[in-house]
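The values are calculated or read from the model by the stated rules, or taken from the named source; none is laboratory data. Everything quoted here is computed from the prediction, not taken from an experiment. Because the Cβ atoms are built from the backbone with ideal geometry, glycine has one as well, and the counts that use them run over all protein chains shown. These accessible areas exclude ligands, DNA and RNA; they are computed on the full protein's heavy atoms, side chains included. Shrake-Rupley method; radii C 1.70, N 1.55, O 1.52, S 1.80 Å.
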There are 2 protein chains.
Amino acid sequence: MLQGSSVDNSGPSFTPLVVLELASDAKEETIAWLMGRIKDQQQNGGAELLVEQLGPGVSTQEKYNPNIFLVGASWQRLLSGAEDLGLFKEFSDGSMRAFTCANKLNFKEFKGDGDSFLSMAECQYIIKHELDTLRAKDETHVPGYTQTKLYPGKSIVRRLQSKGILIQMFPLHEKEALKRLSFSWYKKVKLSLQPLDDIKHYYGEGQALYFGFLEYFTFALVPLALIGVPYYLFDLDDYDRYVIYAVFNLVWCTVILELWKRFSASLAYRWGTLSRKKAFEEPRPGFHGVLGFNPVTGREEPLYPNTKRQLRVYLVSLPFVLLCLYLSFCVMMIYFLMEGWALSVHDEEPTFWTGILLFIPSIIYAVVIEIMNLIYRYAAEFLTEWENHRLESSYQNHLVLKVLVVSINDLLSLATLLITSQILNQFMEAFLPYWLQRRRNKKMIHKVRKIRTLEGKELPLTEQVRLEAHMSTYLGTFDDYLELFLLFGYVSLFSCVYPLAAVLVVLNNITEVYSDAFKMCHVFKRPFSDPAADIGVWQLAFETMSVIAVVTNCALIGMSPQVKTYFLDSETQLILWTVAVEHVLLAFKFILTFVIPDVPKHIQIKLARLEFESLEALKKKVKQY
Amino acid sequence: MLQGSSVDNSGPSFTPLVVLELASDAKEETIAWLMGRIKDQQQNGGAELLVEQLGPGVSTQEKYNPNIFLVGASWQRLLSGAEDLGLFKEFSDGSMRAFTCANKLNFKEFKGDGDSFLSMAECQYIIKHELDTLRAKDETHVPGYTQTKLYPGKSIVRRLQSKGILIQMFPLHEKEALKRLSFSWYKKVKLSLQPLDDIKHYYGEGQALYFGFLEYFTFALVPLALIGVPYYLFDLDDYDRYVIYAVFNLVWCTVILELWKRFSASLAYRWGTLSRKKAFEEPRPGFHGVLGFNPVTGREEPLYPNTKRQLRVYLVSLPFVLLCLYLSFCVMMIYFLMEGWALSVHDEEPTFWTGILLFIPSIIYAVVIEIMNLIYRYAAEFLTEWENHRLESSYQNHLVLKVLVVSINDLLSLATLLITSQILNQFMEAFLPYWLQRRRNKKMIHKVRKIRTLEGKELPLTEQVRLEAHMSTYLGTFDDYLELFLLFGYVSLFSCVYPLAAVLVVLNNITEVYSDAFKMCHVFKRPFSDPAADIGVWQLAFETMSVIAVVTNCALIGMSPQVKTYFLDSETQLILWTVAVEHVLLAFKFILTFVIPDVPKHIQIKLARLEFESLEALKKKVKQY
């Protein structure tokens, strides 16, 4: 079909890494042009990658999309791509350095071309980057679609994506590696730490950091859980101890967040993302604006004035979020009124039915909140899209902020329902889609069996690709972090009235590791790896939560009847003491944050050495002139 | 004397930049060795600078130090030094780039060798750097002093300084440039902004940032002063308006500190220090430890374990500072008791003498506090020295922290005396030493006149150098910033009870500009320039003060009788409202700090472009392999 290369069922002549699925009604002319650009040499402005069309497989009788393409690359091309991206690898002296082809032999794991120096996830990331930065030259529109305008420097793939000609682009799973990974990850009976390096190897740094954080967070809560259990079991009524527990909790939350920064810096250094310079970020597919010249790159691209965006954020989004906050506050008030009414009815004449009536307000409230959250989430996504952020990262930050402000509010009013809904969520997220996927899988195997005899249950590549193309797309770690954030809020905000929270969260997290791992391995398409160096805006979110926790805990302790007995003569004294303690705790928190360095000393030294050496090298280079 | 070069009175054969004063009893052997090393070529490990001994001049009859040396450098050497230091200069396209000799012709102000491309302050800084990094080779001790050990890689100048063989090293003033600068700075009658670029040109970026901050701070307070005047003049008793004034003040303080960051980033970008990579910092002269290998440079140098330093900081210095805080709190309490007693005596039987008695406690308290501060300052310097910090910057930070903690306490108790003591201070700092210096000057001119007839009052170089060697040494901006910090505290902490504060501080600052400028030009030796990109730890100090100000202002407003009348029925309500307002203000403050970007957009773009271009250049370089 394309340059006469019709692929047989045994697969293409190279290792396929990434799949491009074009619309089934995409024009021949467009496809030929795109494939030409992808294959073309770099000096002609091409991506110099290998690409072949996926054969029809066994499903010829059904309606199927013929426009699925497999993309790969030669070993040399991948190495030069790794250098373009500035990937950091372990050098022969044990430090992490940006890979360069010129001294590739000095890198520790480089054993000759064609070895496992680059992980498959890295290769796929390189290919994604090369495809994303494949730019229009002198084309004024996409061949075959005169309405789809192009201009020199525009990313071709982004334009095709935003116009729906390119349906999706995803990396392929590796069946063998996945089997090994899932075994060491969650199928083993023996309790052990998660294989973070293997996860990073297969899914990339962003995913691995999420699972690292999940595990770290779980372990960090164990001391709190252990101390909390006796409070629950023996129903200690001595409030002094509750106060001690709450103060310990607050300090502990600050310390674990600070130590996480250090731990995550160690991980990111080992994985080479800590000091990697980020390549210039491409605009999001949905970004639009008037054509102009980017002040940084000098390339022609759409520009959108920052002031206009700020006006949208401050005059529309911000009032909207505040309005929603106010609404959810009103709903909460109505709930309290309803509960008060139900309680008064029950107190007047307690029967079985009034006993049930007591639960009704909570149930109604939970349902209303769930629906409101759903609507709010859509609205937040719509608004953030409309704000027209140029970068994906900035889009994500604004979305996270919007969602969080309202979730904190939920948290303050609906803590007890949280754990139950978490466990339901895990089921909905992981096992239901898996079951659906499995059914689809079986159908396909059955179909293939009809035609050929398969050894074992392994599918041939063509069928595998088509199956993966139908798997759900993993939408990033947003929802996973949001879950953790709510749980953290639950532990920190109400620690002094409900010391068992930490125990429940630890139990939840253990099942969460398994269900998330399962979900990643069996439910979703493989996501592209994301070379993150930290957990980004979530660190800030968790820290903000721990500040709010100081305020709520101090207020709760101050309001408790047990503490009030100490200040029977003067309520003023009580409040002043509470406020003083709160201020001291907050000051202590900030000093602690300031005193604990974010990056461990030994990594600081390694980074300083790299810096020093590059300055010295510059000096030497200079002396040659 | 040294290689037979005896300099006549007409001065050396090159432009002298820096003066080295060795002890008058320094051994010939040592001097010869040091001068040899300074003159030696770079490939032999020398500094490749020019150096000549200062002639005896007219003061031969008196006892004088013959071991004064003038250091200069060839134009080529200065340019290569600028490249070593990574100085940023304006490129032909208007952006700031690190200077390299290879494409020197592409820099805007480069007009051929020997031009004014490098300011004299920059040349002096380059020479200081080259002297500081002149390292011992295989010498095991300083020739002539077998007790003064050396080891490969030890900075020779630092070792000679710490042993007292090198008394001082200072840059020379330029009489003509100084005259022009002082005219445009403070001698003009016409009111105008300070010539910050000229100040930077003559004194370097650190000084210029201080004067920039002083001026910015003065202008920023003008609105507050204007609003404050009517409150004072018409004795407005309407407390609502005081509250409005206080809230405005708090928000304003946050905003001006944030905007200063942006303004200082603009200045630092224009002066080329914003993105300059700092060269690896040498240990302080006083730093000691066991010889080992620096983990960053690999050079042999004294190492001192960080844990030991931390123990000293947390187990000795911290308790000492807390003890001093407690002591000054006790003194304050005694002062309150004394004042209460004086008031009761006066109330019982008011006479002229009891009226005077009312002032006695304040005067005693002021004197005691002044003495305690003096002792504390010495103790703080001693402790910080003892903590044995490796870097000058870390030493400075710890010292600033110690001094500030206690000054905030003074502020809280002794606000009204502040302004009077400030004006006294200005006199003591600037005009008294100037008068002494002038007397010395006149004596010298008189002596020179006796020997030759001088045209005008210009001194020959030899006498000029000797005079400057006797001028006081400027000890850095520490005390100047501390003054500003106390004034800022005065404005922000007590804004709601004393709205005239801003007016007084504005008036004080205007005279401060003049007295500081005068001091810099006529009292002190020229200081080495310091390529600072911001005001360092002081930014943090000012921000912390503005947080404390929120707390004190809310408390003061809450305690005021006028506000209490609104909450006659419930003191609890009053306190809760006060605390709520305080929390909202604090939250607003942090959000504001977060929302206002620290670097203006147009400079962010310029920095991103530089980053992008260097990445692109790397890519191109890579493709050549």
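Which fully enclosed helices (runs of 4 or more DSSP H) of region B:76-187 have 3 or more residues being of a type outside the set (A, V, I, L, M, F, W, C), under 29 Å from the mean Cα position of the chain (by Cα) and more than 30 Å from residue B:459 (Cα to Cα)?
Values: elements: B:120-132, B:156-162, B:175-182.
Ranges flagged: B:156-162.
Consider only pairs whose beta carbons are under 6 Å apart and that are at least six residues apart or on different chains; among these, list those whose first residue lies in region B:79-103 and is more than 11 Å from every other protein chain (Cβ to nearest Cβ) and whose second residue is open to solvent by 30 Å² or more (accessible area, probe 1.4 Å) and in a loop (DSSP other than H, G, I, E, B).
So the pair list comes out as B:88/B:276; B:90/B:108; B:92/B:108.
Looking at region B:304-324, which of its residues are more than 12 Å from chain A (Cβ to nearest Cβ) and either aliphatic (A, V, I, L, M) or on the phi > 0 side of the Ramachandran plot (or both)?
Residues satisfying the conditions are B:311, B:315, B:316, B:321, B:322, B:323.
Report, ordered by the first and then the second residue, all pairs with beta carbons closer than 9 Å, sequence separation of six or more or different chains, a first member in region B:313-338 that is closer than 22 Å to residue B:390 by Cα, and a second member that is among the acidic types (Asp, Glu) and surrounded by 11 or more Cβ atoms within 10 Å (Cβ to Cβ).
These pairs meet every condition: B:313/B:387; B:316/B:387; B:317/B:387.
When the residues of region B:555-608 are narrowed to those that are among the basic types (Lys, Arg) and open to solvent by less than 90 Å² (accessible area, probe 1.4 Å), which ends up nearest to the other protein chains (Cβ to nearest Cβ)? Even if it seems obvious, please write down each step before you answer.
Going residue by residue through region B:555-608, those that are among the basic types (Lys, Arg) are B:564, B:589, B:601, B:606.
Retained after the next criterion (residues that are open to solvent by less than 90 Å² (accessible area, probe 1.4 Å)): B:564, B:589, B:606.
Values: B:564: 12, B:589: 13, B:606: 8 Å.
Here the answer is B:606.
Could you check residue A:542 against (1) among the aromatic types (Phe, Trp, Tyr); (2) more than 9 Å from chain B (Cβ to nearest Cβ); (3) surrounded by fewer than 16 Cβ atoms within 10 Å (Cβ to Cβ); (4) under 17 Å from residue A:259 (Cβ atoms) and say which number it fails?
Single failed check for residue A:542: (3).
I'd like the full set of residues that are of a type in the set (A, V, I, L, M, F, W, C), open to solvent by less than 20 Å² (accessible area, probe 1.4 Å) and either without any contact (Cβ under 8 Å) to a residue 60 or more places away in the chain or farther than 17 Å from residue B:27 by Cα (or both), limited to region B:159-173. Steps first, answer last, please.
Initially, region B:159-173 is screened for residues of a type in the set (A, V, I, L, M, F, W, C), giving B:160, B:165-167, B:169-170, B:172.
Applying the additional criterion that residues be open to solvent by less than 20 Å² (accessible area, probe 1.4 Å) yields B:160, B:165-166, B:170, B:172.
Hits for region B:159-173 are B:170, B:172.
With the structure loaded, tell me whether residue A:534 is among the charged types (D, E, K, R), under 24 Å from residue B:590 (Cβ atoms) and either part of a loop (DSSP other than H, G, I, E, B) or open to solvent by 30 Å² or more (accessible area, probe 1.4 Å) (or both) or whether it fails that test.
Values: among the charged types (D, E, K, R): yes; under 24 Å from residue B:590 (Cβ atoms): yes; either part of a loop (DSSP other than H, G, I, E, B) or open to solvent by 30 Å² or more (accessible area, probe 1.4 Å) (or both): yes.
In short, yes.
So residue A:283 fits all but one of (1) surrounded by 15 or more Cβ atoms within 10 Å (Cβ to Cβ); (2) touching a Gly at 6+ places or on another chain (Cβ under 8 Å); what number is the exception?
So the condition that residue A:283 fails would be (2).
What's the number of the condition residue A:257 fails, among (1) surrounded by fewer than 19 Cβ atoms within 10 Å (Cβ to Cβ); (2) in contact with a Phe, Trp or Tyr (Cβ under 6 Å, 6 or more places away or on another chain); (3) away from chain B (no Cβ under 14 Å)?
It is condition (1) that residue A:257 fails.
If a residue counts only when it is touching a His at 6+ places or on another chain (Cβ under 7 Å) and at pLDDT below 85, which helices (runs of 4 or more DSSP H) contained entirely in region A:415-515 have at least 1 such residues? Show your work before the answer.
Working: elements: A:416-426, A:432-451, A:461-470, A:478-493.
Once the helices (runs of 4 or more DSSP H) in region A:415-515 are filtered for at least 1 residues that are touching a His at 6+ places or on another chain (Cβ under 7 Å) and at pLDDT below 85, what remains is A:432-451.
Pick from region B:384-409 the residues that are open to solvent by 20 Å² or more (accessible area, probe 1.4 Å) and closer than 26 Å to residue B:365 by Cα: which of them is modelled with the highest pLDDT?
B:401
Condition test on residue B:289, is it assigned by the TED database to the domain that holds residue B:545, in contact with a strand residue (DSSP E or B) (Cβ under 7 Å, 6 or more places away or on another chain) and within 26 Å of residue B:531 (Cα to Cα)?
On the way: assigned by the TED database to the domain that holds residue B:545: yes; in contact with a strand residue (DSSP E or B) (Cβ under 7 Å, 6 or more places away or on another chain): yes; within 26 Å of residue B:531 (Cα to Cα): no.
Criteria not met by residue B:289.
Quick check on residue B:616: is it within 11 Å of another protein chain (Cβ to nearest Cβ) and surrounded by 14 or more Cβ atoms within 10 Å (Cβ to Cβ)?
Details: within 11 Å of another protein chain (Cβ to nearest Cβ): yes; surrounded by 14 or more Cβ atoms within 10 Å (Cβ to Cβ): no.
The answer is no for residue B:616.
If only one of B:275, B:264 is open to solvent by less than 80 Å² (accessible area, probe 1.4 Å) and not in a helix (DSSP H, G or I), which one is it? First the steps, then the outcome.
On the way: B:264 fails: not in a helix (DSSP H, G or I).
The conditions single out B:275.
Is region A:254-270 home to any residue that is closer than 30 Å to residue A:595 by Cα and in contact with a strand residue (DSSP E or B) (Cβ under 6 Å, 6 or more places away or on another chain)?
Let us first name the residues in region A:254-270 that are closer than 30 Å to residue A:595 by Cα, namely A:254-270.
From what's left, in contact with a strand residue (DSSP E or B) (Cβ under 6 Å, 6 or more places away or on another chain): none.
The answer is no; no qualifying residue exists.
Among the residues that make up region B:203-212, is at least one of them outside any helix (DSSP H, G or I), open to solvent by less than 20 Å² (accessible area, probe 1.4 Å), under 21 Å from residue B:513 (Cα atoms) and not hydrophobic (A, V, I, L, M, F, W, C)? Can you show your working first?
Restricting attention to region B:203-212, the residues satisfying the condition of being outside any helix (DSSP H, G or I) are B:204.
Narrowing the set further to residues that are open to solvent by less than 20 Å² (accessible area, probe 1.4 Å) leaves B:204.
Now restrict to residues that are under 21 Å from residue B:513 (Cα atoms): B:204.
Restricting the remaining residues to those that are not hydrophobic (A, V, I, L, M, F, W, C) gives B:204.
Yes, some residue in region B:203-212 is outside any helix (DSSP H, G or I), open to solvent by less than 20 Å² (accessible area, probe 1.4 Å), under 21 Å from residue B:513 (Cα atoms) and not hydrophobic (A, V, I, L, M, F, W, C).
In region B:356-383, how many are surrounded by 13 or more Cβ atoms within 10 Å (Cβ to Cβ) and either of a type outside the set (S, T, N, Q) or over 21 Å from residue B:322 (Cβ atoms) (or both)?
Restricting attention to region B:356-383, the residues satisfying the condition of being surrounded by 13 or more Cβ atoms within 10 Å (Cβ to Cβ) are B:357-358, B:361-362, B:364-366, B:368-370, B:372-373, B:376-377, B:379-381, B:383.
Cutting the leftovers down to either of a type outside the set (S, T, N, Q) or over 21 Å from residue B:322 (Cβ atoms) (or both) gives us B:357-358, B:361-362, B:364-366, B:368-370, B:372, B:376-377, B:379-381, B:383.
Of the residues in that region, 17 qualify.
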